[in-house]
Amino acid sequence: MKKNYPNFLIRLLSLSCFGLLFHEAIFAQTVPIPSFNLEIGQSSDPKQVASTLQIIVLLTVLTLAPALIVMTTSFTRIIIVLSFLRNALGTQQSPPNQVLVGFALFLTFFIMAPLWSNVYEQALQPYFNNQLSQEDMIERTTEPVKKWMIQFTRPKDLALFVGIAKIDRPKNLNDVPIWVVMPAFVISELKTAFQMGFIIYIPFLVIDMVVSAVLMSMGMMMLPPIMISLPFKIMLFVLVDGWYLITESLVKSFTG
């Protein structure tokens, strides 16, 4: 007897959905599912109001955490250099963006670990133990981060934003506000990253020029040079252990 396959598949799908819903209903009745509620109500206790406001401020800071990690750490320089490397190799989407960003994040955590450990021990841990006020905690957190950024900030860039901010001329670097140091640090990092990217580009550009000249001399003008130069660039990068050299240069550019 010939089966009616469309009707058969519809019945099978209906039974599967029914079984899934029945299983979820039984699971929901037997296993308690936790819930989370965030409500804003009234309170007559000033301490409770202050705690609520601190939680709101903390949640606001957490939304800015990705920008702080990107713009106030070594991440900017690392990801730009890795992007230059991929473009110089001409490998299109290899390594993919997820791999480059993940590798840049791991290197950032490695480079920034001593600083973050110091901030945690000197500021966050005493604050959590009620040994510091919120104002002292913020000061102890921002001070070492500002000193670290100033190390890699050009005086020219710092003077630019001090002039734009129209603040009193600081007597020393410690008097410069952190909100002035941040943009100066970013443009300094951009320049340093582009300089490193230019140096990385040179050997691969030479290979492209040599391959293009050879193809032109052989009259093979219709053959894209990238098809011939790409294997040579990958071979050169592997032979010189390129990932080791790039990683070493990036890490030592921050740690010395």
* With the contact rule set at Cα under 8 Å and sequence spacing of 6 or more, what percent relative contact order holds for segment 90-221? -> 18
* Structure fact -> With every protein chain kept in place and a 1.4 Å probe, segment 112-256 has an accessible area per residue in Å² of 65
* Grab the other residues whose beta carbon is less than 15 angstrom from that of Pro95, score K and R as +1, D and E as -1, and report the net. => +2
* **Cβ-defined net charge surrounding Thr76, 12 Å radius [Lys, Arg +1; Asp, Glu -1]** => +1
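The values are calculated or read from the model by the stated rules, or taken from the named source; none is laboratory data. Remember, it's a predicted structure, so these values are computed and weren't measured experimentally. Note that each Cβ is placed from the backbone with ideal geometry, even for glycine, and that neighbours are counted across all protein chains shown. Ligands, DNA and RNA are excluded from the accessible area calculation, which covers all protein heavy atoms including side chains. Shrake-Rupley method; radii C 1.70, N 1.55, O 1.52, S 1.80 Å.
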